[in-house]
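Structure record follows, encoded as C-alpha cells.
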Amino acid sequence: MDARLEAGHDEDILREVVLFADTFNRYFERENIEAALAVLQAGGYRVHLARANGRKARPLCCGRTFLSAGCVRQAREEAQRTVDALEPYIARGIPVVGLEPSCILGFRDEIPGLLATSAARRLAGLAMTFEEFLVREQDGGRLALPLRPLPQRALVHGHCHQKSFDAFTPVQKLLNGIPSLDVEVIESSCCGMAGAFGYGAETIAVSLAMGELSLLPAVRAAPAEALIVADGTSCRHQIYDGTGREAIHVARVLARSLAGETGSG
C-alpha cells in the first residue's frame with residue numbers, strides 16, 4: 001500500500017496532498033486508507049504518505065490516545081515527532097488530510113497548544129478532514145469526481161469532533177452528491193464510546209445508555225440493505241458492538257460509487 005500512496009496519475013501533476021494514516025486505520029481498517037487513496041487519485045491528486053524520520057522509526061501518531069489518558073508528556077512527544085515528519089510538506093503548503101476526525105482535528109486544536117511552535121501553527125492551517133478537503137476542491141472548481149449511481153439508502157452518524165468543528169456539513173454534501181443515494185442523517189449526540197470510555201468496566205453502562213438514546217435504535221431499525229456511515233473509529237465499533245451492523249467510512253462509500261459497486265456493509 002505504501003508504494004501506491006506515493007504514486008500519482010502522472011509525474012507532472014501539480015496538485016498534491018498528504019494523506020495522514022492514523023494508527024487505527026493503519027492497523028485495523030486499512031481498507032479506509034485504500035478507499036481514500038482511490039478517491040484522491042481518481043480526482044487527479046498526487047498523494048504522499050508521511051513517514052517517520054529514520055528507517056526503523058515507528059509509524060506516526062498524533063498523540064491523542066496519550067492525551068485522552070492524561071499522558072501529556074508522551075502526547076507532546078508524539079505530536080512533535082509527527083510535525084517534524086510533516087515539516088517538508090508544511091513548508092510547501094501542501095494540505096494534510098486525515099480520515100479519523102479526532103486525529104486530524106487535533107492538528108487544528110490541541111497540538112498547536114501542546115507544542116507552541118510556528119510549524120504546529122502552520123500545520124493547523126493545512127490540516128483538514130478528508131471530506132473538508134474534497135468539498136473545498138469541488139467548490140474551487142479543481143475536482144469533479146466521476147461518481148456513478150448508488151441506488152441505496154444511507155444512514156449517517158456524525159462524529160463529535162466533526163460536529164464541534166462544523167466538519168459534518170462536508171460529509172453530508174459529499175454523500176448528497178452521489179447519484180441515487182438516499183441520505184438520512186441520524187439525529188444523535190455522542191455515540192457513547194468516546195475513545196476508550198465505552199470499554200471501561202466502570203463506564204460501559206453509561207456508554208451503552210448514551211448509544212441507546214437515538215443512534216443504536218436508528219441503526220437497528222434501518223433496512224438490512226442500507227449503508228450505515230460513520231467516520232469515527234470509536235463510532236463504528238460502538239455501532240457494531242451495539243447492533244451487529246457494520247458501519248463504513250465515507251471514503252468507502254465514495255470509492256464504491258466510483259467503481260459502480262452496490263451492496264450493503
Whichever residue in the stretch 103-121 is buried (at least 19 other Cβ atoms within 10 Å of the Cβ) and either without any contact (Cβ under 8 Å) to a residue 24 or more places away in the chain or within 14 Å of the chain's Cα centre (by Cα) (or both) and, among such residues, is nearest to Thr82 (Cα to Cα): Phe107
Single unsatisfied condition, Gln74 versus (1) at pLDDT below 95; (2) closer than 21 Å to Ala196 by Cβ; (3) surrounded by fewer than 17 Cβ atoms within 10 Å (Cβ to Cβ); (4) polar (S, T, N, Q): (1)
Some residue of the stretch 80-93 being touching a strand residue (DSSP E or B) at 6+ places or on another chain (Cβ under 6 Å), touching a residue at least 24 places away in the same chain (Cβ under 8 Å), aromatic (Phe, Trp, Tyr) and surrounded by fewer than 22 Cβ atoms within 10 Å (Cβ to Cβ): yes
Members of the stretch 70-102 that are assigned to a helix (DSSP H, G or I) and of a type in the set (Asp, Glu): Glu77, Glu78, Asp84, Glu87
Residue match in the stretch 211-232 (condition: surrounded by 15 or more Cβ atoms within 10 Å (Cβ to Cβ), within 19 Å of the chain's Cα centre (by Cα), among the β-branched types (Val, Ile, Thr) and not assigned by TED's automatic domain parsing to the domain that holds Thr23): yes
Subset of the stretch 115-133 [over 16 Å from Glu16 (Cβ atoms), part of a strand (DSSP E or B) and hydrophobic (A, V, I, L, M, F, W, C)]: none
Qualifying residue in the stretch 247-262 (condition: assigned to a helix (DSSP H, G or I) and charged (D, E, K, R)): yes
Options Ala154, Ala127: the member that is under 24 Å from Ser68 (Cβ atoms), buried (at least 21 other Cβ atoms within 10 Å of the Cβ) and under 22 Å from the mean Cα position of the chain (by Cα): Ala127
Subset of the stretch 42-69 [in a helix (DSSP H, G or I), under 17 Å from the mean Cα position of the chain (by Cα) and surrounded by fewer than 21 Cβ atoms within 10 Å (Cβ to Cβ)]: Thr65
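The values are calculated or read from the model by the stated rules, or taken from the named source; none is laboratory data. All of these numbers come straight from a predicted model, not from anything done at the bench. Don't worry about glycine lacking a Cβ; one is built from the backbone with ideal geometry, like all the others, and counts go over all protein chains shown.
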